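Below is one structure, written out as structure tokens, with a few remarks after it.
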Amino acid sequence: MFGKVAADVLGLSDVGAVIKPADYDKVDADDYIMHEDNEKIYFLIKSKADEYCFTNLGLVHVDGANAVSKKRMLRRFNYVTNRVSNVMLETAGTVDLDVEIKFTLGNETYSIDVHKKHLEELKDLYKALLKIAEMQHENEMYLGYSQQSLDMSASSVQHITKTQIDLAGEFEKINNYAFNWLVQSSSRYRVKDFGKVFEKYINN
């Protein structure tokens, strides 16, 4: 667990700090990572109240700011069911001590303050989230094209007269084909694991 001693050693404050991989085992979020499913931490921001843990599968947010008393609320947002959008990075002014990364994940909007000494690391996260957002947008379009293609094929089949085919037999074939088509399209265009994106852009 990430107790007071660990927090002091890493110099944590209300402004977030980027935690190095060597210290991932000291954070609370590590206890909730799906190691059994090959989930891996790629980027972690921690303040005294919160942890924002970016993995290949999603964001794990250990929320201390909005929890009652010393309790902490665990929130998980998997990329496969939550789109990344509105990714922005606000750099520090002359007198500012922090920089800010902003993004929307599903229906949740995040604005995370991070000490400006971590700007270079934060640029890497910004690039990774931007790429994930781009890939999710493109994949949604391709999934839509796949559905349209199937609908067009089904429409053309309707014009075949009853005397030309065994309706029951052909319906079963078409139904099986359509099901397999949709399963394959979903598997291809609904990406669950963005590990390759993080590996490309994260350099910590």
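The values are calculated or read from the model by the stated rules, or taken from the named source; none is laboratory data. Just so it is clear, the structure is predicted and the values come from calculations on it, not from any experiment. Protein only, heavy atoms only, side chains kept; ligands, DNA and RNA dropped before computing areas. Shrake-Rupley method; radii C 1.70, N 1.55, O 1.52, S 1.80 Å.
Per-residue surface analysis assigns TYR52 an accessible area of about 30 Å², computed on protein heavy atoms at 1.4 Å probe radius.
Which pairs, out of LYS26/LYS127; LYS46/LYS192; LYS116/LYS192; LYS71/LYS200; LYS40/LYS127, put more than 28 Å between their alpha-carbon atoms? The answer is LYS116/LYS192; LYS71/LYS200. Gain on full extension, evaluated as 0.36 nm per residue between LEU97 and LEU119 minus their Cα-Cα distance, stands at 6.8 nm.
Remark: region 96-107, residue by residue, has Karplus-estimated 3J(HN,Hα) of 6, 9, 9, 10, 9, 10, 10, 6, 10, 10, x, 9 Hz, where x stands for each Gly or Pro and the curve is 6.51 cos²θ - 1.76 cosθ + 1.60 at θ = phi - 60°.
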